[in-house]
1. I'd like the residue in the stretch 150-164 that is touching a residue at least 60 places away in the same chain (Cβ under 8 Å) and surrounded by 14 or more Cβ atoms within 10 Å (Cβ to Cβ) and, out of all such residues, is farthest from the chain's Cα centre (by Cα).
2. Restricting attention to the stretch 92-131, which residues are under 14 Å from residue 145 (Cα atoms) and assigned to a strand (DSSP E or B)?
3. Assess whether residue 218 counts as being assigned to a helix (DSSP H, G or I) and under 14 Å from the mean Cα position of the chain (by Cα).
4. Which ones in the stretch 152-180 are more than 23 Å from residue 17 (Cβ to Cβ), in contact with a helix residue (DSSP H, G or I) (Cβ under 6 Å, 6 or more places away or on another chain) and in a helix (DSSP H, G or I)?
5. Please find, among 252, 326, 268, 275, the residue that is on the phi > 0 side of the Ramachandran plot, modelled with pLDDT of 60 or more and out of contact with any strand residue (DSSP E or B) (no Cβ under 9 Å at 6 or more places or on another chain).
6. Need at least 3 residues that are touching a residue at least 40 places away in the same chain (Cβ under 8 Å) and within 23 Å of residue 229 (Cα to Cα) per element, so show me which helices (runs of 4 or more DSSP H) inside the stretch 275-326 make the cut, counting only ones lying wholly within it.
7. Of the residues in the stretch 200-216, how many are over 29 Å from residue 14 (Cα atoms) and either at pLDDT below 85 or surrounded by 15 or more Cβ atoms within 10 Å (Cβ to Cβ) (or both)?
8. Pick out the one residue from 147, 129 that is surrounded by 14 or more Cβ atoms within 10 Å (Cβ to Cβ), farther than 18 Å from residue 25 by Cβ and out of contact with any helix residue (DSSP H, G or I) (no Cβ under 8 Å at 6 or more places or on another chain).
């Protein structure tokens, strides 16, 4: 399967690059309050080791921005590997020094740990001693997602970075379908572009990898939500999503990304029509919603023109039946 070959570090990096500011806003609120959002720029991630043997070291995401009016650097290192890395503090210190030494500007180092196991708390500092003295005391921020309860996200201000990263937090087996459904619900409630919604749904889809039974339970959960909420969420992610996203984003196939964009535009048209229908009839039956999601663009265009003529939900059903019968 394509999913088995996915580079999870690259997937996370792509997510953070798109939602860098929301990520900083939630996990580093004090820094965010002093950050100039117009000053953010991403820079070359390759750091060259000095000495006789030059080895390339990779810092997953490096961004420069103005904080408190001073040029600063954000270093976000992503760890997806499923075994503890005893060298992480050393590597974080190494990365920090390479970024700090040239200009002595402030560096904000962050280790984002996205693995499922272990759940023991990872180190967040490096202490080096010599001759009875502390030579180095280096601290960095560790964000270990599997130690955070996913339901915490439901109580927070809507945040696209948090919505996506929720799928890598601590989720019990029975909560997996609910978490997937809540991701869709939160995406539907945020003002996102098609590419932004695709990025979130891609991260969640790959991270959770629901079984068919869990997918069914997730849909049942959505159908039980208050009127409007479940319907909006159910049309956010059409069935084409997994193949289009994984081909375009992870195999680099341009046609896959184009397919995703076209389907995103179609899904947007479905959302618009469903919004008009809800204003007319207050709600839309789940089976009707499924039918709308399957309509091709040509029939959606015709339906868009016909909505004003509908008096009752049965008029919509009659129209859909006529389309199905040719």
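The values are calculated or read from the model by the stated rules, or taken from the named source; none is laboratory data. On a predicted model such as this, the values are computed, not experimentally measured, just so you know. Note that we place each Cβ from the backbone using ideal geometry, even for glycine, and neighbour counts take in every protein chain shown.
1. Among those residues, the one meeting the criterion is 159.
2. 110, 111, 112, 113
3. no
4. First, pick out the residues of the stretch 152-180 that are more than 23 Å from residue 17 (Cβ to Cβ): 152, 154-155, 170-180.
Next cut, in contact with a helix residue (DSSP H, G or I) (Cβ under 6 Å, 6 or more places away or on another chain) only: 170-171, 176-180.
The answer is 176, 177, 178, 179, 180.
5. 326
6. The helices (runs of 4 or more DSSP H) meeting that bar are 286-294.
7. 0
8. 147
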